[in-house]
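The values are calculated or read from the model by the stated rules, or taken from the named source; none is laboratory data. If you're wondering where the values come from, they're calculated on a predicted model, not measured in any experiment. All Cβ positions, even for glycine, are placed from backbone atoms using ideal geometry, and neighbour counts span all protein chains on display. Note: areas computed on protein heavy atoms with side chains; ligands, DNA, RNA excluded. Shrake-Rupley method; radii C 1.70, N 1.55, O 1.52, S 1.80 Å.
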Amino acid sequence: MTDPASSFDRGAAIQPQPTSVRTLEDLAHHLTLLRLSAKGSRPGRAPTLRDLSALSGVPHSTIGNAESGRILPSGEVVYLLAKACGVPGHQLVEWTQARHRVWQLRRRPPIMIAEPALAAIHIDDTHSSSRAARSLMVLTPRAAAEVLLSMPLLQRAGTLGKLEPQRAVPVLQQADQARVAETLTAVENPAWVAAALDRMDQEQAAFLVAAMDVNRAVPALAEMDAQRAAALLTAADLEDAVDLLNAMHADILCRLLTRVPLDRAGEMIAVIRPAQLAEVLSNVDDGWSAGVLRTVENTSWIAEGLSAIELSKAAALLACLSPDKAATALSAMKTRVAADLLATLDPGVASGVLSAMKPDRVAAILTSIAPQQAGSLLALVESSRAAVLALALMELPQARRTLAEFPSDHALAALLTAMEPGRMTELLAGLPQRVTGLMKVMGPDQTDDFLAGLEPDVTAELMAAMNDAQEAVEVLRAIGANEIGAVLTRLPPPRAAALLEKMPPDEANAAITRIPVATALAILAAVAPRSMAAMLELQPPGQVAFMLAGVSRENAEAVLAQLSPETAATASAQMDSGTALRARAAMEAGQPIDARTLYPAHFASA
């Protein structure tokens with residue numbers, strides 16, 4: 001048998017058109033044209049089947065079956081043949097789509113003419129569409145279908161469009177449905193196509209809508225009754241229905257999709273383009289949108305849709321989802337968008353959503369926003385453990401800023417008491433302005449754990465920030481006697497003096513003896529004479545003399561006036577030059593006050 005390539009005139013060849021392929025016969029024909037139009041190894045001759053087999057790696061028998069239409073080749077075979085024939089890379093997809101289209105249209109058995117009838121009349125290209133339509137009307141539907149399909153496509157479409165839809169439908173029902181879809185695509189009037197589809201049974205109409213070019217099918221659906229159009233979308237394969245939805249304007253999209261059963265609409269929503277999803281969520285009432293989102297399993301897709309619409313609308317829809325689903329959707333959003341949505345939600349809803357989120361995601365959201373907003377959101381987390389974990393994942397400065405903006409001391413205390421004492425102390429060390437209020441609502445054990453862990457510098461900062469001196473004294477008592485001196489040393493002398501004055505004399509005396517000399521004298525200089533006298537009454541006379549030697553004469557005389565006569569007399573007698581020298585030496589060395597060192601003679605005689 002002579003290969004067609006041997007006498008093929010490439011200059012006069014009809015070029016293959018993969019986009020026009022609808023049937024197996026079409027595919028076979030265009031694959032043959034593709035080979036014959038390809039450049040062979042010999043000048044002026046197309047590659048033979050064996051040449052193409054060598055180029056593509058596809059057996060020549062498979063190529064022969066594909067070109068004869070005996071089998072539907074696989075998508076891979078079509079791809080390899082097109083590539084071997086020199087089809088550019090960006091056009092290869094047209095050939096694989098052509099193969100897929102044939103497979104798709106073959107899934108439903110076409111309605112074929114059983115026995116082609118001889119046409120009672122002959123219609124040629126010179127007939128106008130109106131004349132051709134009138135001629136068809138004298139034929140039976142089966143014969144009319146045979147004649148109609150024998151026409152070129154554009155003549156066929158023009159003729160069909162001149163028939164009344166109710167007269168055309170019986171003819172179309174007798175024809176190959178893939179050819180019918182091709183014909184309806186070529187009909188210029190979408191209202192006519194809609195009327196014809198409306199008169200067909202639902203299965204046939206749904207198949208034809210899916211098989212038509214989407215740019216022609218969508219206008220036809222828009223012309224139909226919305227409920228009928230929605231029913232066709234529902235009956236179509238999901239992939240086909242989504243292709244149609246993606247090609248629709250927002251008003252048609254929303255009008256039809258809201259009439260599709262909710263579960264089916266959820267399947268469609270989950271795979272339509274993001275822009276179309278945003279149009280639906282923005283323009284459909286919240287009740288329907290929330291209902292369909294509940295059926296969507298892909299929370300990343302929900303997140304993308306909600307991120308693309310107005311904030312208050314997105315918050316309203318998010319509030320309709322379960323806390324777990326809402327939390328998963330928020331976790332898939334950009335951090336800033338998630339934070340803004342949480343801030344817009346009703347506090348009760350936000351609480352449930354935050355509590356369902358993973359701590360690391362909560363921490364990421366809180367870190368990205370202003371401390372005041374972060375504090376308000378963290379306070380909404382129902383689970384103290386989740387909130388503690390979120391704080392643990394934040395940088396310390398950010399965590400402190402967040403806690404500083406907590407809306408209430410009670411809520412903050414509840415959170416802090418769920419922490420390890422060390423972490424609680426670490427956080428509160430930078431928040432002295434809040435500690436007073438917290439200690440009023442924290443239990444004694446938690447307060448002691450906190451204070452015991454503070455460094456003297458931090459405690460001093462806390463003391464300086466507390467307005468109520470009596471409350472500050474209570475804090476000093478809680479940190480223990482050994483640390484009081486270190487804390488008072490770090491306070492401004494007037495503040496330390498005010499605290500000493502609020503203490504019982506024995507506690508004040510014990511504290512002042514733990515302070516370096518220079519600092520102690522500076523503090524005592526600011527203590528009221530009556531309070532200073534009460535402290536000195538508990539010290540040895542030599543120590544009293546030393547203390548008085550370190551303050552101004554005026555202060556010393558005022559204190560002596562408040563001492564008991566015996567203590568005052570002894571102290572006055574011992575305030576000699578030797579005492580002053582020893583005091584100055586101790587002060588210069590920064591030593592704590594030690595009466596036995598300063599007054600060895602006094603203690604030796606005692």
Scanning the stretch 316-332 for residues that are open to solvent by 10 Å² or more (accessible area, probe 1.4 Å) and aliphatic (A, V, I, L, M), the one nearest to N283 (Cα to Cα) turns out to be A316
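Got a number for residues in the stretch 490-518 being in a helix (DSSP H, G or I) and either out of contact with any helix residue (DSSP H, G or I) (no Cβ under 9 Å at 6 or more places or on another chain) or more than 19 Å from V475 (Cα to Cα) (or both)?
The total comes to 2.
Here's the yes/no breakdown for (1) at pLDDT 90 or above; (2) of a type in the set (K, R):
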residue: L31; (1), (2): yes, no
residue: L34; (1), (2): yes, no
residue: R42; (1), (2): no, yes
residue: S53; (1), (2): yes, no
residue: P59; (1), (2): yes, no
residue: I63; (1), (2): yes, no
residue: S74; (1), (2): no, no
Residues located in the stretch 147-179, provided they are surrounded by 20 or more Cβ atoms within 10 Å (Cβ to Cβ) and more than 20 Å from M212 (Cα to Cα)
V147
Residue check, F603 modelled with pLDDT under 75 and more than 28 Å from R490 (Cβ to Cβ)
yes
Take S289 and tell me if it is under 12 Å from the mean Cα position of the chain (by Cα) and small (G, A, S).
no
Residues of the stretch 53-68 being over 15 Å from A28 (Cα atoms), in contact (Cβ under 8 Å) with a residue 12 or more places away in the chain and either surrounded by fewer than 18 Cβ atoms within 10 Å (Cβ to Cβ) or among the hydrophobic types (A, V, I, L, M, F, W, C) (or both), which ones?
L55, G57, V58
Residues located in the stretch 552-566, provided they are modelled with pLDDT under 80 and part of a loop (DSSP other than H, G, I, E, B)
S552
Just need a number here: residues in the stretch 51-92 that are hydroxyl-bearing (S, T, Y) and in contact with a Pro (Cβ under 8 Å, 6 or more places away or on another chain).
2
Hey, any hits in the stretch 141-156 for a residue that's over 14 Å from A196 (Cβ atoms), in contact (Cβ under 8 Å) with a residue 60 or more places away in the chain, in a helix (DSSP H, G or I) and within 57 Å of the chain's Cα centre (by Cα)?
no
Note: among L538, L521, just one is assigned to a loop (DSSP other than H, G, I, E, B) and either in contact with a helix residue (DSSP H, G or I) (Cβ under 8 Å, 6 or more places away or on another chain) or modelled with pLDDT under 80 (or both), namely L538
From A210, A191, A196, A186, which residue is open to solvent by less than 10 Å² (accessible area, probe 1.4 Å), touching a residue at least 12 places away in the same chain (Cβ under 8 Å) and of a type in the set (G, A, S)?
A196
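May I ask you to say which residue of A339, A241 is at pLDDT below 90 and not charged (D, E, K, R)?
A339
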Residues located in the stretch 333-345, provided they are β-branched (V, I, T) and open to solvent by less than 50 Å² (accessible area, probe 1.4 Å):
T335, V337
Kindly evaluate R400 against the criterion of being open to solvent by 40 Å² or more (accessible area, probe 1.4 Å), basic (K, R) and over 28 Å from L293 (Cα atoms).
yes
Residues of the stretch 31-52 that turn out to be assigned to a helix (DSSP H, G or I), surrounded by fewer than 21 Cβ atoms within 10 Å (Cβ to Cβ) and of a type outside the set (D, E, K, R), as a count
3
Inspect all residues belonging to the stretch 55-72 and state whether any of them is touching a Lys or Arg at 6+ places or on another chain (Cβ under 9 Å), β-branched (V, I, T) and in a loop (DSSP other than H, G, I, E, B).
no
Do we have any residue at all in the stretch 232-244 that's within 27 Å of A278 (Cβ to Cβ), out of contact with any Leu (no Cβ under 7 Å at 6 or more places or on another chain) and of a type in the set (S, T, Y)?
yes
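Go over the candidates A585, A549, A569 one by one and state the one that is modelled with pLDDT under 75, out of contact with any helix residue (DSSP H, G or I) (no Cβ under 7 Å at 6 or more places or on another chain) and farther than 14 Å from T489 by Cα.
The unique qualifying residue is A585.
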Select from the stretch 80-94 the residues that are open to solvent by less than 60 Å² (accessible area, probe 1.4 Å), touching a residue at least 24 places away in the same chain (Cβ under 8 Å) and not small (G, A, S) and list them in ascending order.
L80, L81, C85, V87
